[in-house]
Amino acid sequence: MLRFILSRIGVLVPTFVGVAIVAFAFIRLLPGDPIILMSGERGISEERYAQLQAMLGYDRPLPVQFWDYLTGLLQGDFGNSIVTNRPVLEEFMTLFPATIELSLVAITLAVLIGIPAGILAAIKRGSWFDQVTMGAALTGYSMPIFWWGLLLIIFFSGYLQWTPVSGRMSLMFYFDQPTGFMLIDSLLSGQEGAFKSAVSHLILPGVVLATIPLAVIARQTRSAMLEVLGEDYVRTARAKGLSAFRVVSVHALRNALIPVVTTIGLQIGVLMAGAILTETIFSWPGIGKWMVDSVYRRDYPVVQGGLILIALVVMIVNLIVDVLYGLINPRVRTR
Amino acid sequence: MSHVEADEAREGIGAGIEDRKAKVSPRRQMLKEFWYYFSENKGAVVGLYVFIAIILIAIFAPVLAPYDATAQNRGALLVPPVWADNGSWAYILGTDAVGRDMLSRLIYGARYSLTIGLVVVTLAVTVGISVGLIAGYVRGWVDIVIMRLMDIILAFPSLLLALVLVAVLGPGLLNAMIAIALVLQPHFVRLTRASVMAEKQREYVTAARVVGASPLRLMVVTILPNCLGPLIVQATLSFSSAILDAAALGFLGLGAQPPTPEWGTMLADAQEFVLRAWWVVTFPGLAILITVLAINLVGDGLRDALDPKMKRS
C-alpha cells in the first residue's frame, strides 16, 4: 500500500512542476508585456515601469526568473498581489474556507440525493421514477449553472423574498471567525439568528454548485448499479432466498459504489470550475470570485499563484481519491 | 459501426468476405444497424430533431428573425413578452434594455453557439486524435512526454484554465474558442491513445504490417477507423461542453463581446435586470439549455448505438 501511495506521489511531483511552468509561461511567454498589460488603457510612466520591472524581477533572464519562482513556491512564497500588496498565499488562505464550505455543502447535497436516486432508478429500471430522475439528471448535466443561479435568485430572492441575493452573512451580525466556516462560526458566536442567516446565504449557491455533480453522480450510480445487478453473484444471492433489500444494500451496493467513489472524487475539478461562476453570481467571497476579480484587475501574480494553488488542491484531492480507491478495491493496488 | 470489421478481424482476415459479397452494400447495412440501435432510445431521436431544428434556425436566421439582431429601438425599452401585461405582438419575446428584439437576438445567437461548437470540436478532435495516434503508436519517451503534458492540462479545472488563457490572449470569441479547444483536447488524446494501444495488438494490424503498410497508413487507415466509436461519442459531449463553456466565458465578459447576440454574452448584459425584467434573463439561458440538452440526448443515443458493451446489456 505504501508503495502504491509513493508511486502516486512520484507522478504528482513532475505534474506539479509542469503546472508551475504552465502558470509561469502564461504570464511571461505569451505575446505582450505583462506590465503594460497590467497597467491597462491608462498607460504607465517610465519610472513606475522600471520600478515594477525590478520588483517583479522581469529584468532578469527567464530561466533565472523561473528558478526563483519555483524555489519561492516550495518555500510557500507565491509572490504579492499588485493590487493589495498582500502575499498571494495569505489572500488564498483567507478566502479558501468560504470555497471549501460552499463545495462541501454542494458535494454533500449531491451525494445524499444523487446516490439514493441512482440506486432507486436502477432497481426500478424503466419505471416512471427512473425516466423522470434520469430526465432531470440529464437536464441538470446540461444546465448553464450561471443562468440556473440567476433563475433561483429571481424566484427565491426576488419573488418569494426568502433568501438574500449575495454574500455569506447578514450585516446585522458581527463575530470572530476562528474556523472560517460560517456555519460553525455563527453557532460558536452564540448570537441569535446568526446561524439561520448563514444557512439562508448558503442554500442557493449550494444548490447551484451541487447541480452538475448531483446529475453526474445519479447517472453514474444508476449505471454502476445496473451493471452489478446483472452479475452472477447477485443472482446467486437472490437464489439463496435473501431479501431484495439485503441483496441490493449488502451485495450489490458495495461493488457498485467503487466507480461512484471515483466519480465523486473527479467532481472536485467540476466544483472548482463551478465555484468560479457560482461565487461570481452570488458575490460569494471565495477563491473562484477572487480569481475572476484578479483577471479583471490584471493582477497577474494572483492569477499565476491562484492557478497553481487551485491545481495543487485538485491534484491532492485526486491523490486522496486514488488512495481511497486502492483501499476499497484491492485489485487496483497490484496493477 | 466498427464492430462489424472488428468481428471480422477476430475471426481472421477475410473470413467474412463471402458474406460481404452477398450483401448489397455493407456501408448501408451498418448504417441501418446503427439507426436501429440509435432509434431504440426515444430521447435521442427527440434530441436529434431538436438539434436539426436549431441548425435550420441558424441557417435561416436572416429569414426568420423579425428584426436586425443589433437594431435598437429607443421607443421600446424592456418591453415584456406578448403574453405578459403590457406585452406587444411587435416583440413576441420582449425587448432588452436598449430596445433590441429578444427573439431576433436569440435566433441569431443560434449561429454563434453552433459555430463555437463546430470550431472547437474540429480543433480539439484533429489535434487530439493526431497527438493520441502518435502517443499510442510510437510509445516510448514521446508517449511519456505527451501524456505528462495532458496530465498537466487536466490538473487545472477546465473553465479556470480557459478563463486565464482568454485573459492573457485577450477577450473575444476566437480566443475563447481556442482556449476551450485546448482544454478539451486531452480527452481525445487519452481516448485515441488507449484505443490505439488496444487495437495495435490485434491480428489484423499485424497482418497489415506484414503486407508492408507504412506506419502512417497503419495509424490512419488501418487502426483509426476501429477506434472511432468512443471518439464520436466524446466529440458529441465536447460539442455541448464547448457551447456551455463559451457561454460561461461570454457571461464573465471574456467571450464574445457586446453587442454580439451570443447567448452567454446576452446573459451578462441582462444580469442587472434580474429582479426587474425576468424575460431578458430567462430566454437566453433557456436557449442554451435546450441546445445543450438536445446534443447530450443525441450523445447518449450515440453511445448506446456505438458502444458494443452497452449493446449487449
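The values are calculated or read from the model by the stated rules, or taken from the named source; none is laboratory data. Computed from a predicted structure; not experimentally measured. Neighbour counts run over all protein chains shown; Cβ positions are idealised from the backbone, glycine included. Protein only, heavy atoms only, side chains kept; ligands, DNA and RNA dropped before computing areas. Shrake-Rupley method; radii C 1.70, N 1.55, O 1.52, S 1.80 Å.
Evaluating 6.51 cos²θ - 1.76 cosθ + 1.60 at θ = phi - 60° for every residue in segment A:63-68, the Karplus couplings come out as x, 4, 4, 5, 4, 4 Hz, glycine and proline recorded as x. A 1.4 Å probe, protein heavy atoms only, puts the accessible area of A:SER7 near 60 Å². Normalised by 2.2 N^0.38 Å, with N the number of residues, the alpha-carbon radius of gyration of segment A:61-111 equals 1.62. Take each residue in B:283-293, count the other chain C-beta atoms within 10 Å of its C-beta, and the mean is 4. Each part reduced to its alpha carbon centroid, segment B:144-206 and segment A:201-245 end up 30 Å apart. With the largest listed first and rounded to whole Å, the semi-axes of the equivalent ellipsoid of segment A:125-241 from the Cα gyration tensor are 40, 20, 11. Over all other residues within a Cβ to Cβ distance under 15 Å of A:MET93, the charged ones net out to -3, with Lys and Arg as +1 and Asp and Glu as -1.
Just the number, please: carbon plus sulfur as a percent of the accessible area of segment B:60-310, 1.4 Å probe, no ligands or DNA/RNA counted. Kindly include the intermediate steps, with their values, before the conclusion.
Values: 6550 of 9890 Å².
The nonpolar share, carbon plus sulfur, comes to 66 percent.
Across segment A:318-324, rounded Karplus estimates of 3J(HN,Hα) from the backbone phi angles (6.51 cos²θ - 1.76 cosθ + 1.60, θ = phi - 60°) give 4, 4, 4, 4, 4, 5, 4 Hz, Gly and Pro being marked x. Taken along its three principal axes, the alpha carbon spread of chain A comes to 84, 55, 38 Å, from the longest extent down to the shortest. Tell me, what HN-Hα J-couplings in whole Hz come from the Karplus equation 6.51 cos²θ - 1.76 cosθ + 1.60 at θ = phi - 60° for each residue of segment A:92-101, using x for Gly and Pro? For segment A:92-101, the Karplus-derived couplings read 4, 5, 5, 8, 4, x, 4, 5, 4, 4 Hz, x marking Gly and Pro. In terms of packing, defined here as the mean over residues of other Cβ atoms within 10 angstrom, the peptides A:145-155, A:115-125, A:303-313, A:70-80 line up highest first as A:303-313, A:145-155, A:115-125, A:70-80.
Among B:ALA179, B:ALA198, B:ALA242, the residue with the largest mean-square fluctuation in a Gaussian network model of chain B, with springs joining Cα atoms closer than 10 Å, is B:ALA198.
Excluding B:TYR137 itself, calculate the net charge of residues whose Cβ lies under 13 Å from the Cβ of B:TYR137, where each Lys or Arg counts +1 and each Asp or Glu counts -1. Net charge around B:TYR137: +3. In segment A:88-332, a dipole from Cβ-located charges (positive for Lys and Arg, negative for Asp and Glu) runs towards its positive end, and of A:ALA210, A:ILE328, A:MET315 it is A:ILE328 whose Cα lies farthest in that direction.
Counting residues in segment A:1-150 as N, plug N into 2.2 N^0.38 Å and put the Cα Rg over that result. If you can, show how the numbers build up before the last one.
On the way: Rg = 23.8 Å, N = 150, 2.2 N^0.38 = 14.8 Å.
Taking the Cα Rg and dividing by 2.2 N^0.38 Å, one obtains 1.61.
Among the trypsin sites (Lys or Arg not before Pro) found in segment B:92-182, those both in a DSSP coil and sparsely packed, with 16 or fewer other Cβ atoms within 10 Å of their Cβ, are B:ARG139. Solvent-accessible surface, computed for protein heavy atoms with a probe of 1.4 Å, shrinks by 40 Å² or more for the following residues of segment B:219-252 when the other protein chains are added to the isolated chain: B:LEU244, B:PHE251, B:LEU252.
Quick one: accessible area per residue over chain A, 1.4 Å probe, rounded to a whole number of Å²? Could the numbers behind the result be given before it?
Numbers: 16610 Å² over 335 residues.
Ligands and nucleic acids excluded, the figure is 50 Å² per residue.
Taking max minus min of the alpha-carbon positions on each principal axis, segment B:32-115 gives extents of 57, 27, 18 Å, largest first.
With a Förster radius of 60 Å applied to the beta-carbon distance between B:PHE34 and A:LEU70, the computed FRET efficiency rounds to 0.70. So how tilted is helix A:46-56 from the main axis of chain A? Cα-based, degrees 0 to 90, rounded to 10. Helix A:46-56 sits roughly 50 degrees off the main axis of chain A. Using the Cβ-Cβ distance between B:LEU228 and A:ILE113 with R0 set to 35 Å, the FRET efficiency works out to roughly 0.45. Helix A:287-297 axis versus longest C-alpha principal axis of chain A: approximately 30°, rounded to the nearest ten.
Residues in chain B average 46 Å² of solvent-accessible surface per residue, probe 1.4 Å, ligands and nucleic acids excluded.
For A:ALA239 and A:LYS124, the FRET efficiency from 1/(1 + (r/R0)^6), where r spans their Cβ atoms and R0 equals 22 Å, is about 0.55. Interface residues of segment B:151-166, defined as a loss of at least 40 Å² in heavy-atom accessible area between the chain alone and the complex of all protein chains with a 1.4 Å probe, are B:ILE152, B:ALA155, B:PHE156, B:PRO157, B:LEU159, B:LEU160, B:LEU163, B:VAL164.
Ignoring everything except DSSP H segments at least 4 long, calculate the 222 nm mean residue ellipticity for the protein assembly as shown; use -39,500 (n - 2.57) per segment, divide by total residues, nearest 500. Don't skip to the end; give the middle numbers.
Numbers: 28 runs with 463 residues, N = 648.
The helix-only estimate for the protein assembly as shown comes to -24000 deg cm²/dmol at 222 nm.
In plain terms, the C-alpha convex hull of chain B casts an average shadow of 20.0 nm² when viewed from every direction. Across chain A, the relative contact order, built from alpha-carbon pairs under 8 Å that are at least six residues apart, equals 26 percent.
Rounded to the nearest 10 square angstrom, B:THR236 shows an accessible area of 20 square angstrom against a 1.4 Å probe. Counting only the Cα atoms, the protein assembly as shown fills a convex hull of 214 Å³ per residue.
For segment B:105-250, what is the convex hull volume of its Cα atoms per residue in Å³?
Numbers: hull volume 16.0 nm³, N = 146.
It is 109 Å³ per residue.
In Å², rounded to the nearest 100, what is the total accessible surface buried by chains B and A against each other with a 1.4 Å probe? Before the final figure, lay out each step's value.
Details: alone 16360 and 18450 Å², together 31120 Å².
Result for this pair: about 3700 Å² buried.
Mean Kyte-Doolittle of at least -1.0 plus a Cα span of 27 Å or more along the axis: flag which DSSP H helices in chain B meet both, please. Membrane-span-like by this rule: B:102-138, B:173-200, B:228-251, B:278-306.
When each of the peptides A:20-26, B:69-75, B:255-261, A:269-275 is scored by the mean number of other C-beta atoms lying within 10 Å of its residues, the order from highest to lowest reads A:269-275, B:255-261, A:20-26, B:69-75. Using Cα centres only, tell me the gap between segment A:91-118 and segment A:127-193 in whole Å. The distance from the Cα centre of segment A:91-118 to that of segment A:127-193 comes to 11 Å.
Seen from all sides and averaged, what is the projected area of the convex hull of the Cα atoms in segment B:192-283, in nm²?
Working: hull surface 34.0 nm².
Computing the convex hull of the Cα atoms and averaging its projections yields 8.5 nm².
Shielding value for A:135-146 is 6, the average number of Cβ atoms from other chains within 10 Å of each residue's Cβ.
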